[in-house]
Amino acid sequence: MKPLLTMFTALLALQTLAACEQRGELKVTADDPETAVEADFEPFEHPDVPEKTPTPIVEEDSVVEPAETPDISQEETTLYLRSISQMLVGRPLNTLENEQIATEGAAAIRPILEDWTSSPGFADAARYMIQQKLRASGTRDGIDFDLPGNLVRHIVTNDLPYSTILTADYCIDSAGEETACDTGAPYTAGVLTTRAFLAGNASRFNLGRASRMMQVFACRHYPMEDDLQPRLQKESLIPMFQALTPDEQEVEEAKDAFGNGHGCYTCHGQFGAHAQPFVKFDESGIWVESATGKQDPEGELGRSVDGLMTSHMLVDTEKADEGTQIFGERVENLAGAGEVIADSGVFVPCTVRNVIEHTFGLSDSAGEEIDPKLLSAVAARASANGDPGLDEIVVETFVDPRIIDVVLRSKSPGVE
Amino acid sequence: MLRRPIIFITLLTLAAFGCEGTINLLEVDPETGETKDVDAKSGEAEDEELPPPFELSRESVQLLPFHVRIAKLARVTGVGEDAPIFDDLMAARYDLGDHNYAQGIGPNLQWNASKMALWVESIRPVCQSDAMRQRYPFLPEHLNEMLEAAYGREATQDDLAAYEDVLADTQISEEERYEAVCLAVLTSTEFVAR
């Protein structure tokens with residue numbers, strides 16, 4: 001009987017899916033490659049990809065206009081909030097919320113969102129979001145890959161500014177208690193100084209760590225705007241990364257890397273700055289004070305000795321120096337880098353984008369298509385009272401009429 | 001002997017009603033294919049319409065994260081997420097879409113036949129549990145209460161009529177009927193998907 005039941009269960013599943021397709025509502029697609037675990041991290045954004053408008057920078061003196069209450073019906077309000085509740089608080093609408101919508105209509109959106117963002121379900125959602133962004137969860141080889149998620153949950157639960165994710169001088173254990181972070185470094189920079197982040201993104205020349213840091217917290221790939229990230233002086237880099245044309249490339253192993261038409265320096269003039277603060281963290285994320293950043297003469301290009309990675313810098317003293325320039329500011333180490341990124345005008349708009357991607361299941365490439373004006377406007381509203389918490393970022397995101405319109409349009413039949 | 005599979009087939013087909021409903025918010029001009037707001041007032045000057053800031057795909061079914069599905073089951077049953085009735089689900093968590101990046105497992109949120117079958121098998125202890133019976137003594141008689149917890153909305157006439165129609169002509173035990181209705185609700189896309 002059981003095998004028969006199993007067979008028929010499978011058949012009815014197909015029938016259910018077919019029924020949904022016939023109703024023109026839902027289709028099952030192939031695996032989304034964005035959800036697959038990346039076996040080999042590809043840090044390069046090849047410059048022959050057409051340039052996209054980058055996520056905007058919110059200026060400090062941005063004019064902030066409050067989001068208008070949308071002119072939508074009670075029915076539409078219910079549909080909208082039902083569409084986002086499960087990813088924001090892990091549950092459907094409850095009776096009180098339905099009653100509030102029946103009474104207040106669209107005016108209920110903001111207070112309901114504010115209520116959601118103070119609930120435990122929201123903290124869990126935030127934790128999940130950063131786990132996906134950093135590809136960090138579980139444990140392996142004694143490394144706690146849950147530390148980044150724990151920190152974000154702590155930040156949300158305690159109404160801390162979201163920038164704490166890059167500036168916290170502590171980690172949070174599984175019980176929710178403050179604990180020392182696990183790298184052994186004499187400083188801390190939120191999730192950046194967790195072995196989860198460092199080991200999970202270890203790669204030659206520390207390109208993976210630099211890329212992930214920029215991708216998740218600045219929504220940038222390489223090359224990025226010159227006025228955001230000034231390039232290191234070409235002559236300060238090792239010869240391989242100074243090349244701007246194939247003819248200039250002197251390093252044999254690097255010659256085959258050409259094909260992008262822009263040359264190594266275009267990207268690595270910026271990469272080098274962001275990779276440098278990671279020079280003393282070995283591939284398992286342990287901080288090694290004696291790290292030199294020198295290329296292992298016996299090892300693969302980009303690897304130093306003892307599990308460490310090679311620096312971009314030419315001069316020996318600079319190879320070993322964790323100090324660098326991030327977004328035009330001199331920093332002493334990764335902690336300083338975290339401060340600069342968190343304080344920059346790209347951090348909050350990028351967080352808005354991350355929130356949208358998380359809630360609607362958008363891939364990174366789809367996220368790049370989000371209108372920068374939307375991100376800028378939401379970020380400005382969220383930052384109106386200073387360094388925003390994730391709650392403020394989320395509320396201002398989902399009261400935005402343009403986002404409400406996108407969701408309602410997606411639920412309408414016949415809309416292309 | 002075939003009645004039970006037939007009931008399951010029928011009821012889980014009815015789960016198609018659990019596909020998240022759509023509401024005609026916009027009228028489509030049959031000639032141009034353009035849409036217009038049904039509430040638009042005539043005679044008013046139209047504001048310049050900004051293009052959508054991004055697009056949402058309507059073509060893919062994406063499961064809710066595993067932890068959300070567990071939280072929703074806990075909400076429906078009224079028990080904690082660590083209750084033994086969820087043991088089968090937790091044992092199959094990675095096949096059901098949970099993640100463990102440290103072990104190289106990303107969240108596969110595709111909703112397909114094999115995953116659906118595994119989900120059904122894994123939630124049978126939930127439907128057979130005392131917790132469910134305490135909250136919803138009879139199904140489909142207490143379907144409205146269950147849907148409010150599961151979907152965040154009241155049962156519609158369509159929901160109720162569909163289950164009544166299917167169950168009216170069948171002769172199965174009360175226990176089988178209860179389980180079938182429970183499985184249908186908790187396997188519907190409205191429950192498990194975004």
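The values are calculated or read from the model by the stated rules, or taken from the named source; none is laboratory data. On a predicted model such as this, the values are computed, not experimentally measured, just so you know. Cβ atoms come from the backbone with ideal geometry, glycine included; neighbour counts cover every protein chain shown. Note: areas computed on protein heavy atoms with side chains; ligands, DNA, RNA excluded. Shrake-Rupley method; radii C 1.70, N 1.55, O 1.52, S 1.80 Å.
For A:Val340, the solvent-accessible surface with a 1.4 Å probe is about 20 Å², rounded to the nearest 10. Our summary gives region A:67-128 a relative contact order of 41 percent, counting only alpha carbon pairs under 8 angstrom and 6 or more residues apart. Shown here: region A:136-215, whose C-alpha atoms stretch 37, 26, 24 Å along the first, second and third principal axes, sorted largest to smallest. Normalised by 2.2 N^0.38 Å, where N counts its residues, the alpha-carbon radius of gyration of region B:61-137 equals 1.12.
Using C-alpha pairs below 8 Å separated by at least 6 residues, the relative contact order for region A:182-335 is 27 percent. What does the charge count near A:Lys280 come to, summing +1 for each Lys or Arg and -1 for each Asp or Glu among other residues with Cβ under 10 Å from its Cβ? Taking every other residue near A:Lys280 into account, the sum is -4. Per residue of peptide B:62-68, the mean number of Cβ atoms on other chains within 10 Å of the residue Cβ is 6. Karplus-derived 3J(HN,Hα) values for region A:271-286, using 6.51 cos²θ - 1.76 cosθ + 1.60 with θ = phi - 60°, are 3, x, 5, 7, 7, 4, x, 9, 5, 9, 9, 6, 5, 9, x, 7 Hz; glycine and proline are entered as x. Measuring with a 1.4 angstrom probe and ignoring ligands and nucleic acids, B:Tyr94 comes out at about 90 Å² accessible. Rg of the Cα atoms in region A:70-203, relative to 2.2 N^0.38 Å, amounts to 1.28. Other protein chain C-beta atoms within 10 Å of residue C-beta, averaged over B:94-105: 5.
Ranking A:Thr397, A:Ile341, A:His312 by how far each Cα lies toward the positive end of the dipole of region A:276-406 (charges on Cβ) leaves A:Thr397 at the top. Taken residue by residue and averaged, Cβ atoms of other chains lying within 10 Å of the Cβ of A:87-99 number 4. For region B:92-194, what D do you get in µm² per second when you plug the Kirkwood radius from alpha-carbon pairs into Stokes-Einstein at 37 °C and 0.692 mPa s? It comes out at roughly 219 µm²/s. Taking the square roots of five times each eigenvalue of the Cα gyration tensor of region A:279-342, the equivalent ellipsoid has semi-axes of 22, 13, 9 Å, listed largest first. The Cα trace of region B:122-167 gives Rg and Dmax of 11.1, 29 Å, the first to one decimal, the second as a whole number.
For region B:107-194, the Cβ-based charge dipole about the Cα centre amounts to some 540 debye (Lys, Arg positive; Asp, Glu negative; other atoms uncharged).
Computed on the Cα trace of region A:273-416, the radius of gyration divided by the Kirkwood hydrodynamic radius gives Rg/Rh = 1.15.
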